[in-house]
2 protein chains.
Amino acid sequence: MSAGSILTVPIRRLTSGVLTEEQDLVAVEEPLQISIGSRNIAITMRTPGQDAELAAGFLFTEGIVKPGEIENISCTRNTAVVTLAHGVELDPTRIERNFYVSSSCGVCGKASIEAIESAGCATLPVDEPPVSEAVLLSLPAKLREAQRVFDRTGGIHACGLFSSSGELVLLREDVGRHNAVDKLIGRAYLDNLLPLSGKVLMVSGRTSFELVQKSVMGGIAVLASVGAPSSLAVKTALRFGMTLVGFLNKDRYNIYTAPSRVIGEAV
Amino acid sequence: MSAGSILTVPIRRLTSGVLTEEQDLVAVEEPLQISIGSRNIAITMRTPGQDAELAAGFLFTEGIVKPGEIENISCTRNTAVVTLAHGVELDPTRIERNFYVSSSCGVCGKASIEAIESAGCATLPVDEPPVSEAVLLSLPAKLREAQRVFDRTGGIHACGLFSSSGELVLLREDVGRHNAVDKLIGRAYLDNLLPLSGKVLMVSGRTSFELVQKSVMGGIAVLASVGAPSSLAVKTALRFGMTLVGFLNKDRYNIYTAPSRVIGEAV
């Protein structure tokens, strides 16, 4: 993360009875307006940086654009203006179906599993290379080690894309965990690397419907998190044949769906 | 929380080298569609329960309705249909200004501090009764104690409204922390208790712009959280004269803004 993703603010700190005036670091959160041409599509609160990736990843994971449909993304401080490739028309019903006025966290109008199905997502292939239990258990430490902002502000979510042998392929961080995933999938979109076959996505925090939905769109068959999944995250993973792992730590995990992709000594 | 907020799912669990097939509890996440009459306003992924509160709190904190403007809220499983009071007209520009197609977490189109100002929020009064340091330090334990779901699923956010003497007035829980705050403020809206003067709101997790914005709308002058605030949370609290406390635990806190509302031995 760049220096622009951290802000220094004065605080009054109490620690074990001692009160001090200090400078503290907080994670930067600012709005990004994503437009296609002159049409406003979304505003998201994000940590500045990789805004083109965020715009591409957001538009792709929300079903607004398909691979290859983006010609250019022009970013200023808090806007990303997307130009579609020649001949690509924005289908207004796609936006309305996915978005019509949306609220917050984990939703964007994609009210149900059916909405993902209608976006054309197929079930994830079962014949992906399996992940070994040892690799899986190594991921949380690797993700933490790779994070440069979290320990300084305590306010940043991270997601890391790993190969099935446990090598970190890509790391993204953001105040919003969905933004971190959008930035990561957006990078893959811009590099024509979708779908992300044979990869494991590891996220800090909990797993909501939204993270599963975005991962399905990205073709990621194994999604692991440090925290708990929600019921709809489990149901959605089940529907699309995704392997969903929760409470992953160095000596433990819960596998909620499709456990056959994880092989290990204990199995 | 009712039994409907927890779902039992089969999992494969690894703990210290031992693999077992078990039943696990996950927090229920389902979409709620909020409409005013026949007009869809928002879909939010929430933990079912207190849906009328959620609808009222959402519409109020997003600046769509003012106190007293709701006549009735009719809820089915995943919909809440709001009827406005006789003579109250929904101003479409209010929705468009606040929402136009919005993304996820913490945004709803309210792109900036100016949007809160335009919703008519005044600076929070400085002459509220101060909160003692001892009361503040007691809140995290009280919030945890009052939470009945968190320890069982690990996937639920909580917020508790406390009096300035540290008594729990109201507790709400949800998979989305913004929903928990909407439910709490929605309850106050329905009971004609707004603004929530002389109260402290304590939330689990981190503090984003959105939580500060909703608290300002609710007239809450002291917002405390277990985790870190974002930069825009701090800036917004500063603008509205809110006391923002982060990293609150039994023997420590950071006060980011308006520290004069907290008095204690160490001060």
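Within chain A, how many lysine pairs that are 8 or more places apart, or on different chains, have C-alpha atoms less than 14 Å apart?
Lysine pairs satisfying the spacing and distance rule in chain A number 4.
Using DSSP to define loop residues, name the trypsin sites (Lys or Arg not before Pro) in the range A:234-267 whose beta-carbon has at most 12 other beta-carbon atoms within 10 Å.
A:LYS250
Within a 10 angstrom radius of the beta carbon, how do B:VAL169, A:VAL216 rank from fewest other beta carbons to most?
B:VAL169, A:VAL216
So for the range A:131-263, what percent of the C-alpha to C-alpha distances run longer than 24 Å?
For the range A:131-263, the share of Cα pairs beyond 24 Å comes to 18 percent.
Out of residues 5 or more away from A:ILE70 or on other chains, whose amide H comes under 5 Å of its own, with H placed 1.01 Å from N in the peptide plane?
Those lying under 5 Å, H to H, from A:ILE70 are A:ALA85.
Which net charge results for the neighbourhood of A:TYR189, defined as the other residues with beta-carbon distances under 11 angstrom from its beta-carbon, given Lys and Arg at +1 and Asp and Glu at -1?
For residues surrounding A:TYR189, the net value is -1.
Take the alpha carbon atoms of the range A:1-63, find their center, do the same for the range B:163-215, and report the distance between the two centers in whole angstrom.
When both Cα centres are located, 23 Å separates them.
Using modelled backbone amide H atoms (1.01 Å from N, in-plane), which distant-in-sequence or interchain residues come within less than 5 Å of B:VAL262's amide H?
The answer is B:VAL131.
If you plug each phi of the range B:233-238 into the Karplus form 6.51 cos²θ - 1.76 cosθ + 1.60 with θ = phi - 60°, what whole-Hz ³J(HN,Hα) values come out, in order, with x for Gly and Pro?
Karplus values, whole Hz, x for Gly and Pro: 4, 5, 4, 5, 4, 4.
What distance in nm separates the simple spin-label points at B:ARG77 and A:GLU71, each placed 7 Å from Cα in the Cβ direction?
If labels sit at B:ARG77 and A:GLU71, their model points lie 4.6 nm apart.
Take every residue in peptide A:222-232, count the Cβ atoms of other chains within 10 Å of its Cβ, and give the average of those counts.
For this peptide, the per-residue mean of nearby foreign Cβ atoms is 5.
How long is the gain from A:ALA146 to A:SER16 if the chain were fully straight, where each residue apart is worth 0.36 nm and the alpha carbon distance is subtracted?
43.7 nm
Which whole-Hz couplings ³J(HN,Hα) result when phi for each residue of the range A:51-68 is put into the Karplus expression 6.51 cos²θ - 1.76 cosθ + 1.60, θ = phi - 60°, listed in order with x for Gly and Pro?
Result, rounded to whole Hz: 5, 5, 4, 4, 4, 5, x, 4, 5, 6, 5, 8, x, 7, 10, 9, x, x.
Considering every residue in A:203-212, what mean count of other chain Cβ atoms within 10 Å of its Cβ is obtained?
3
What size of dipole, in debye to the nearest 20, comes out for the range A:1-64 about its Cα centre when the only charges are +1 on Lys and Arg C-beta atoms and -1 on Asp and Glu C-beta atoms?
100
Would you tally the net charge around A:CYS159, using a Cβ to Cβ cut-off of less than 9 Å, leaving A:CYS159 out, and scoring K and R as +1, D and E as -1?
+1
When DSSP beta bridges are limited to those with both residues in chain B, what percentage is antiparallel, rounded to the nearest 5?
So the antiparallel bridges in chain B amount to around 75 percent.
Could you check the simple spin-label distance between B:SER260 and A:GLU167, using points 7 Å along Cα→Cβ, in nm with one decimal?
According to this spin-label approximation, the distance is 6.0 nm.
Rank the residues B:ARG187, B:ARG206, B:ARG144 as a footprinting-exposure proxy: fewest other Cβ atoms within 10 Å of their Cβ go first.
Fewest-to-most ranking of B:ARG187, B:ARG206, B:ARG144: B:ARG144, B:ARG187, B:ARG206.
Which number comes out as Rg/Rh for the range B:1-78 once both Rg and the Kirkwood Rh are worked out on C-alpha atoms?
Reported Rg/Rh, Kirkwood definition of Rh: 1.20.
Quick one: what do you get for the protein assembly as shown if you divide its Cα Rg by 2.2 N^0.38 Å?
0.93
Which ³J(HN,Hα) values, rounded to whole Hz and listed in residue order, are derived for the range A:192-209 from phi using the Karplus coefficients 6.51, -1.76 and 1.60 in 6.51 cos²θ - 1.76 cosθ + 1.60 with θ = phi - 60°, glycine and proline given as x?
Here the 3J(HN,Hα) series is 6, 9, 7, x, 8, 6, x, 10, 10, 9, 10, 10, 6, x, 9, 10, 9, 3 Hz.
On the first, second and third principal axes, largest extent first, how far apart are the outermost C-alpha atoms of the range B:156-233 in Å?
The Cα atoms of the range B:156-233 stretch 31, 22, 21 Å along the principal axes, largest first.
Only helical DSSP H runs with n ≥ 4 go in: add -39500 (n - 2.57) per run for chain B, normalise by residue count and round the 222 nm mean residue ellipticity to 500 deg cm²/dmol.
Rounded to the nearest 500, it is -8000 deg cm²/dmol.
Ignore the peptide's own chain and count Cβ atoms of other chains within 10 Å of each Cβ in A:23-36; give me the average, rounded.
Taking the mean over all residues of the peptide, I get 5.
To one decimal place, what orientation-averaged projected area in nm² is obtained for the convex hull of the Cα set of chain B?
15.5
What residues qualify as long-range amide H neighbours of A:ASP24, i.e. H under 5 Å apart, gap of 5 or more or another chain, H built at 1.01 Å from N?
So A:ASP24 has HN proximity to A:VAL9, A:ILE11.
If the only charges are +1 at each Lys and Arg Cβ and -1 at each Asp and Glu Cβ, what is the size of the charge dipole of the protein assembly as shown around the Cα centre, to the nearest 20 debye?
Here the size comes out at about 440 debye.
So, by mean Cβ neighbours within 10 angstrom, what's the order for B:131-142, B:23-34, A:171-182 with the highest one leading?
Packing proxy ranking, top to bottom: A:171-182, B:23-34, B:131-142.
Looking at the range B:131-263, send over the antiparallel percent of its DSSP beta bridges, to the nearest 5.
60
Taken together, the values in this text are just the output of simple stated rules run on the coordinates, not laboratory data. Every value quoted in this text rests on a predicted model; they were computed, and no experiment measured them. Please note: Cβ atoms are built from the backbone with ideal geometry, for glycine as well, and neighbour counts cover all protein chains shown.
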